[in-house]
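I have a structure I would like to understand better, so I am pasting it below and will then ask my questions one at a time.
The values are calculated or read from the model by the stated rules, or taken from the named source; none is laboratory data. None of the values given here were measured: they were computed from a predicted structure. Using ideal geometry, Cβ is built from the backbone for each residue, glycine included, and neighbour counts are taken over all protein chains shown.
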Amino acid sequence: MKKIAVLTSGGDAPGMNAAIRAVVRRGIFKGIEVYGVRNGYKGLMAGDFIQMELGSVGDIIHRGGTILRSARSEKFRTVEGQEQALVQLKEMNIDGLIVIGGDGSFKGAGKLTAQGFPTIGIPGTIDNDIAGTDYSIGFDTAVNTAVEAIDKIRDTSFSHERTSIIEVMGRNAGDIALWSGMCAGAESIIIPEAAYDIEHIINRIQQGQERGKMHSIIVVAEGVCKGADIHKVIKERIGLETRVIVLGYLQRGGSPSSFDRMMGSQMGAKAVDLLAQGEKGEMVGLKNGQLIHVPFEEAAKDKHTIDISVYHLAKSLSI
Ligand code: ADP
Ligand code: F6P
């Protein structure tokens, strides 16, 4: 490996910059030239490469987003798009590519490896929904952001004796809802991984009101339904006017937590080491606190799971 490239793809996540920094610095430390690809696979197909020096990644470890920018590309899903990317990599004499992103991005990277081009993936998505790893860069920061927001909403919910419904991100995964709901003491948490009963949620609100607790927090994962849908049902059933807050892209930005900086740094360096050792078609991950690497296909075989006992614990602590 003399020359490698790195790109960020899919939804951005806090800590991606720490991973880019680690890839660049570890690469240079090992005598490898490192190129950044701007705008994910879109930039790869367009040959948007930029040589990264030690200074290119100075002052970024604390910054949210990704200095390389991210994108989603329909064209890259096609064989034509992938061939275009391979031509660009060949023209630049790049020997290996590190992709920081989610499972969709790894499917794309796997296609390049199937054509004989070495790739290594680093899990980066606030959703924490990647199979084969316990952790994806960005999740911890997103949860902290959501908890901070819910704490603030709780203050005003208390003052006005209101029920607030907070919709959080997570596409098809309930991790952000579960963690932020647990850590912010939500009365009800609605996630795709567990069936919910709206009557039970309404009973909780009413039981609380009977004992003088007039405010309540419901956290719903976007993968289940919109916060507005829950509002509608509650209003129809008991006439209660709730307030709906969609946290949205707030959760994707902000300075990464120390954990995300640590994960970005460790996984970034590990990805370079793997490429240098001749590994390809693999994702770096974290399992039981240890850095691991698994083939993309093997990771994709499993389904990402949450620890359902945390859900039951949250339920039992919010009676
Ligand atoms: P994430 O990586 O966060 O899961 P996406 O699922 O949107 O985000 O995937 C990011 C990009 O990866 C897509 O825009 C596309 O260019 C590429 N990609 C996703 N799935 C595939 C696939 N099956 N084959 C080739 N490329 C893919
Ligand atoms: O995958 C990360 C994520 O932020 C999801 O939580 C959300 O559903 C999605 O990306 C939003 O995607 P976009 O940036 O395309 O609107």
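So which residues in the range 67-90 are farther than 17 Å from Gly11 by Cβ and assigned to a loop (DSSP other than H, G, I, E, B)?
Scanning the range 67-90 gives a single hit, Thr78.
For the range 1-42, give me each residue that is in contact with a Gly (Cβ under 7 Å, 6 or more places away or on another chain), more than 16 Å from ligand 2 (Cβ to nearest atom) and in a loop (DSSP other than H, G, I, E, B).
Met1
Residues to consider are Ser265, Ser309, Ser216; find the one that is under 17 Å from Leu178 (Cβ atoms) and either crowded, with 17+ Cβ neighbours inside 10 Å or not assigned by TED's automatic domain parsing to the domain that holds Gly124 (or both).
The unique qualifying residue is Ser309.
Report whether or not Glu53 is touching a Gly at 6+ places or on another chain (Cβ under 8 Å) and among the charged types (D, E, K, R).
Answer is no for this residue.
Hey, could you check the range 73-94 for residues that are within 16 Å of ligand 2 (Cβ to nearest atom) and surrounded by 16 or more Cβ atoms within 10 Å (Cβ to Cβ) and say which is nearest to the chain's Cα centre (by Cα)?
It comes out as Ser73.
Kindly list the number of the only condition in (1) in a helix (DSSP H, G or I); (2) of a type outside the set (Val, Ile, Thr); (3) more than 22 Å from the chain's Cα centre (by Cα) that fails for Asp59.
In the conditions (1) in a helix (DSSP H, G or I); (2) of a type outside the set (Val, Ile, Thr); (3) more than 22 Å from the chain's Cα centre (by Cα), Asp59 misses (1) alone.
Looking at (1) outside any helix (DSSP H, G or I); (2) modelled with pLDDT of 95 or more, can you tell me which one Leu240 breaks?
The single condition Leu240 does not satisfy is (2).
Something else about it: Kindly evaluate Pro123 against the criterion of being crowded, with 23+ Cβ neighbours inside 10 Å and either farther than 20 Å from Val220 by Cα or within 12 Å of the chain's Cα centre (by Cα) (or both).
So Pro123 passes the test.
If Ile319 satisfies all but one of (1) at pLDDT 95 or above; (2) more than 19 Å from the chain's Cα centre (by Cα); (3) β-branched (Val, Ile, Thr), what's the number of the condition it fails?
Condition not satisfied by Ile319: (1).
Assess whether Ile150 counts as being at pLDDT 95 or above, under 21 Å from Asp260 (Cβ atoms) and more than 16 Å from ligand 2 (Cβ to nearest atom).
Answer is yes for this residue.
Does Val284 qualify as being within 18 Å of the chain's Cα centre (by Cα) and surrounded by 13 or more Cβ atoms within 10 Å (Cβ to Cβ)?
Answer is yes for this residue.
Within 26 Å of Gly248 (Cα to Cα) and modelled with pLDDT under 95: which single residue out of Gly124, Gly64, Gly104 fits that description?
Gly104
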